[in-house]
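Following: one structure in structure tokens, then a few remarks.
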2 protein chains.
Amino acid sequence: MARTKQYKEEDVIQKAMNLFWRNGFEATSVRMLEKEMGINQFSIYSSFGNKHGVFVESIKAYKSELNSIRNILKNSNNGLVGIKQFFYDFLEFTKENEEGKGCLVCNTVSELGNKAEPDLMVELMKFTEELKSLFINNLKQDKNRSQEIVEKEANYLTTSMLGLSLGSRIQNETELEDYIEMIFNPSLRV
Amino acid sequence: MARTKQYKEEDVIQKAMNLFWRNGFEATSVRMLEKEMGINQFSIYSSFGNKHGVFVESIKAYKSELNSIRNILKNSNNGLVGIKQFFYDFLEFTKENEEGKGCLVCNTVSELGNKAEPDLMVELMKFTEELKSLFINNLKQDKNRSQEIVEKEANYLTTSMLGLSLGSRIQNETELEDYIEMIFNPSLRV
DNA sequence: TATTAATCTAAGCGTTTGCTTAGATAAGCA
DNA sequence: TGCTTATCTAAGCAAACGCTTAGATTAATA
């Protein structure tokens, strides 16, 4: 028969993901991927088709990387407290290995916007929707909330996560802590 | 003597800014700038040095474009009400000419992060700081707020603006309105 | 051990990138 | 009107881009 692969695709995607996370899609070249993934361009293209294919798989890997903190939220049954914890967990998550990377999905939305390829767009949207539904679950755990207000609060929390992602890239710890604390213990009212 | 310029630099920068706003820095090529600005590459380079120079001037132009709604906030003396109005004004601003562009400064922060050239970074940071100081001014207009809480609230509002910018690129009107309303009329509390 | 076929290396494909330059053009002063 | 000189056009530079391909290598089967 024939020769066997000298790498596991999940291993090299993990490395590709970290590169995309640091640099974004456009600013990451196939030559850079080659070095970081530790395999030749031929192998990259035979395994993933093209650069876009590597990226889509990286996004999927990112989402399962996020599963650890996602599951903490999913398994919590303490309503808002669990959501607040998720905000702090997420902030820690963005700082692992290297600071100022933010969230890969949010970064991608910002970089490509509505110009993302359909299959990629699906992955990005699923991310936001899943987040929102997790928020809704936990919001419902605190009784005496109407369906209507839960929906509004979930929309608010989802967009707030986008702010946290972008904020984590340029703001200091105090500013970010003030941000999270103010979300869950607000003092503003018009 | 010699020939005179056939274009005003402020005019062509305005057009460059719109292109950068739609596409981001990397995804905007000098050939695209050439067409959009209506002048030859030679003129671009003799007027602005290089692509980066065009971009820095575009960021400055963007900031003065934002002056109209910035001044509404600056001249307001109704505290939080003025800040809330600014959030809505900003949302309208991001939709002018074309939807889903977000805020050029926020987009740039997301694209380049801490890899931005120093002179560009200065412009980006000035933007955030100025925003924060405007918020502080208005927060102080509502009496019985301590200096300490004003600082926290300003940090919160600044990061919230980042969320609004990114949100404006992917979320619908309802989600965005829920977001703003919840900021200024919060129902969450842990 | 010889055969087979997938995986490897490395060179190279055509395009596009940011930027430069030689020569044509034209505007103001003598 | 003729000279001067900055601005224009358009061609072209090296480097980097995403991607392909020919040929060497290697592991599993017969």
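Bear in mind that the values in this text are calculations on the coordinates, not laboratory data. Nothing here was measured: the structure is a model prediction, and the numbers come from that model. Glycine also receives a Cβ, built like all others from the backbone with ideal geometry; neighbour counts cover every protein chain displayed.
Condition first: of a type in the set (D, E, K, R), exposed (fewer than 12 other Cβ atoms within 10 Å of the Cβ) and within 14 Å of chain B (Cβ to nearest Cβ). Can you find one or more residues in the range A:90-97 that meet it?
No: zero hits.
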| query | Can you name every residue in the range A:103-120 that is crowded, with 23+ Cβ neighbours inside 10 Å and in a loop (DSSP other than H, G, I, E, B)? | reply | A:C103
| task | Considering only the range A:1-55, state which residues are surrounded by fewer than 16 Cβ atoms within 10 Å (Cβ to Cβ), closer than 20 Å to B:L112 by Cβ and more than 12 Å from DNA strand C (Cβ to nearest atom). | result | A:M32
| request: Mind telling me which of the residues A:S58, A:S133 ends up being surrounded by fewer than 20 Cβ atoms within 10 Å (Cβ to Cβ), among the small types (G, A, S), on the phi < 0 side of the Ramachandran plot and part of a helix (DSSP H, G or I)? | output: A:S133
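Within the range A:62-71, is even one residue under 26 Å from B:T108 (Cα atoms) and either within 16 Å of DNA strand C (Cβ to nearest atom) or not in a loop (DSSP other than H, G, I, E, B) (or both)? First the steps, then the outcome.
Just the residues of the range A:62-71 that are under 26 Å from B:T108 (Cα atoms), to begin with: A:62-63, A:66.
In the following step, the residues that additionally are either within 16 Å of DNA strand C (Cβ to nearest atom) or not in a loop (DSSP other than H, G, I, E, B) (or both) were identified as A:62-63.
For the range A:62-71, residues under 26 Å from B:T108 (Cα atoms) and either within 16 Å of DNA strand C (Cβ to nearest atom) or not in a loop (DSSP other than H, G, I, E, B) (or both): present.
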| Cβ pairs under 8 Å, 6+ apart, first in the range B:34-48 and within 17 Å of B:W21 (Cβ to Cβ) and free of Cβ contacts under 8 Å to residues at least 60 places away in the same chain, second among the polar types (S, T, N, Q) and more than 9 Å from DNA strand D (Cβ to nearest atom) | B:E36/B:N18
| task | Determine whether B:V150 is among the aliphatic types (A, V, I, L, M) and surrounded by fewer than 16 Cβ atoms within 10 Å (Cβ to Cβ). | result | no
| task | Would you point out which residue out of A:R22, A:R31 is assigned to a helix (DSSP H, G or I), within 13 Å of another protein chain (Cβ to nearest Cβ), charged (D, E, K, R) and within 16 Å of DNA strand D (Cβ to nearest atom)? | result | A:R22
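How many residues are among the small types (G, A, S) and outside any helix (DSSP H, G or I) if we restrict to the range A:34-55?
Quick first cut of the range A:34-55, residues among the small types (G, A, S) only: A:38, A:43, A:46-47, A:49, A:53.
Restricting the remaining residues to those that are outside any helix (DSSP H, G or I) gives A:38, A:49.
Number satisfying all stated conditions: 2.
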| query | Can we say A:N78 is more than 16 Å from DNA strand D (Cβ to nearest atom) and either within 25 Å of A:E175 (Cα to Cα) or surrounded by fewer than 17 Cβ atoms within 10 Å (Cβ to Cβ) (or both)? | reply | yes
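Only residues that are touching a residue at least 12 places away in the same chain (Cβ under 8 Å) and more than 7 Å from chain B (Cβ to nearest Cβ): list them for the range A:143-157, please.
Taking the range A:143-157 as the starting set, the residues that turn out to be touching a residue at least 12 places away in the same chain (Cβ under 8 Å) are A:150-151, A:153-155, A:157.
A:V150, A:E151, A:A154, A:L157 - these are the residues of the range A:143-157 that are touching a residue at least 12 places away in the same chain (Cβ under 8 Å) and more than 7 Å from chain B (Cβ to nearest Cβ).
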